Every structure is written in structure tokens, then in C-alpha cells.
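Below is one structure; the comments refer to it alone.
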Amino acid sequence: MPHEKKVCTVIGIGPGNGSAIARRFAADGYTVALLSRSLESSAQLTKEIPGAKGFACDVGNAASVAQAFAEIRKELGAVHTVVFNAGSGVFAALDDVTAADFETSWRVNALGLFLVAKEVVPAMKQAASGNIVVIGATASRRGAKMTTAFAPAKAAQRSFCESLAKQLGPMGIHVALIIIDGVVDLPKTRERMKDKPADYFVKPTAVADLASYLAHQDKSAWTFEAEARPFAENW
């Protein structure tokens with residue numbers, strides 16, 4: 001039986017951006033594949049979103065990525081849109097960062113995106129259509145004191161996105177990067193920053209709206225890089 005809906009794969013499911021993005025693309029009419037390290041992370045969301053299916057995937061592991069996307073293709077069909085929301089990083093100065101910390105951050109943010117692109121781009125090329133939307137960070141532009149492991153990984157991710165955008169744009173595939181410059185509105189961040197007003201935080205639903213907008217832009221005016229920043233953030 002042919003798959004009628006386009007498939008959107010959201011990588012990195014949590015209580016913030018990932019969940020909001022999954023809900024938004026489901027509302028847009030996509031069948032949503034939810035990727036997280038364990039099925040437990042996506043279990044509740046699969047119950048809430050009709051037709052959604054969870055898949056276990058460690059994006060820093062090539063075999064895990066290959067298996068997850070083989071299952072997606074078999075069960076849901078070819079992936080039309082990817083929203084890469086996976087992110088990892090230890091925030092500390094050089095003395096407190098290990099080689100393993102540095103490598104893990106690179107594996108999740110940079111290698112993970114590379115592995116995912118290798119899985120989804122062939123079908124997108126064949127269809128001459130598709131989207132790869134990446135949730136990035138201001139750290140990709142500059143290294144702050146405590147981003148010893150995180151900033152280099154996000155910088156590599158951003159450079160890879162730019163390379164992909166230039167390669168794949170002429171083939172009808174839109175690659176876009178959302179730079180999150182601010183604190184995402186989560187229960188844990190609200191608890192840690194009790195003195196901050198609501199408009200200090202980046203709303204996950206607003207990030208999801210932006211991701212959806214980028215995925216549906218007219219190709220005559222595609223955006224490569226968009227910023228998501230609350231007005232109160234210093235920049």
C-alpha cells in the first residue's frame with residue numbers, strides 16, 4: 001500500500017523543541033518519525049500524535065543510524081523532511097573537559113548530521129525535493145569560555161550545513177539552519193532562572209513554527225540561516 005503522507009523525521013525528542021517540532025509537522029500533515037536514544041523518550045509523544053512512530057537511534061553511531069533509517073523507510077516510506085534537533089555538549093573550561101567529552105559532542109552534533117544526510121539525501125535527490133532543517137546554536141559562531149567542547153562541534157555542524165546547502169540546493173533540496181540564541185523555555189530552565197520573566201525564554205512552539213516555515217518556503221527565496229532570539233537576549 002503506497003504511503004500517502006510525506007514523512008518528517010525529527011531527531012532529538014524531548015520536552016522542548018523536539019516535541020514541539022514533531023507536533024507542528026504532524027499538524028502540517030506529515031507522518032512523523034521520532035528518533036531518540038531510547039523508545040522510552042518518545043513513548044508519550046507517539047501516543048499523543050496520530051500516526052507517529054518512535055525509533056531508537058544513537059546519532060553518533062553509524063550502525064545505529066543506518067538501522068533506524070532502514071526501519072523508517074520500511075515502515076513509513078522515504079523521508080521527505082528531516083529536522084535535526086540532536087545536541088550534546090559539556091559546558092566547562094578546558095581543565096574540566098575530557099577528550100571523551102569533546103569527541104561525544106562532535107559525534108552527536110557533526111558526525112550525526114553527516115550520517116543522517118547520507119541516509120536521506122539519495123531519496124531526496126530522486127524526488128528533486130526535500131528539507132534538512134538543523135537546530136543550531138550561537139556557539140557555532142564563537143567560542144565562549146565554557147563552550148570548550150560544544151562550540152567546536154556546533155561550528156563543524158554549521159559549516160557542514162553550509163556545504164550541504166550549496167551542493168543540494170540546485171537539486172531541489174532545501175538545507176536550513178536555525179541559530180538558537182537564548183534559553184529554551186523548559187521546566188528545568190524556569191526552575192533554574194526563577195527571576196526571569198516569560199519573555200526572556202525561547203518558546204519551543206515558536207521554534208517549531210520557524211522550522212515549519214523554512215520547510216515550506218518558495219525555492220525562489222530560500223533561507224539558509226535564521227536566528228531565533230527573544231528580544232531580551234544580549235547580542
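The set of residues in region 159-179 that are touching a Ser or Thr at 6+ places or on another chain (Cβ under 7 Å) and surrounded by fewer than 22 Cβ atoms within 10 Å (Cβ to Cβ) comprises G172, I179.
Determine if region 167-175 includes at least one residue that is part of a helix (DSSP H, G or I), in contact with a strand residue (DSSP E or B) (Cβ under 8 Å, 6 or more places away or on another chain) and modelled with pLDDT of 95 or more. Yes: region 167-175 contains one or more residues that are part of a helix (DSSP H, G or I), in contact with a strand residue (DSSP E or B) (Cβ under 8 Å, 6 or more places away or on another chain) and modelled with pLDDT of 95 or more. The residues in region 138-158 that are touching a helix residue (DSSP H, G or I) at 6+ places or on another chain (Cβ under 7 Å), over 16 Å from A99 (Cα atoms) and surrounded by 18 or more Cβ atoms within 10 Å (Cβ to Cβ) can be counted, and the count is 7.
Which helices (runs of 4 or more DSSP H) does region 17-80 wholly contain that include 2 or more residues that are in contact (Cβ under 8 Å) with a residue 60 or more places away in the chain, buried (at least 16 other Cβ atoms within 10 Å of the Cβ) and basic (K, R)? Walk me through it before giving the result.
Working: elements: 17-27, 39-48, 62-75.
Answer list for region 17-80: 17-27.
Filter region 180-208 down to the residues that are of a type outside the set (K, R), outside any helix (DSSP H, G or I) and surrounded by 14 or more Cβ atoms within 10 Å (Cβ to Cβ) and list them by number. Hits for region 180-208 are I180, D181, G182, V183, V184, D185, L186, F201, V202.
The values are calculated or read from the model by the stated rules, or taken from the named source; none is laboratory data. A quick note: this is a predicted structure, and the numbers were derived from the prediction, not measured. Ideal geometry is used to build each Cβ from the backbone, glycine not excepted, and the neighbour counts take in all protein chains shown.
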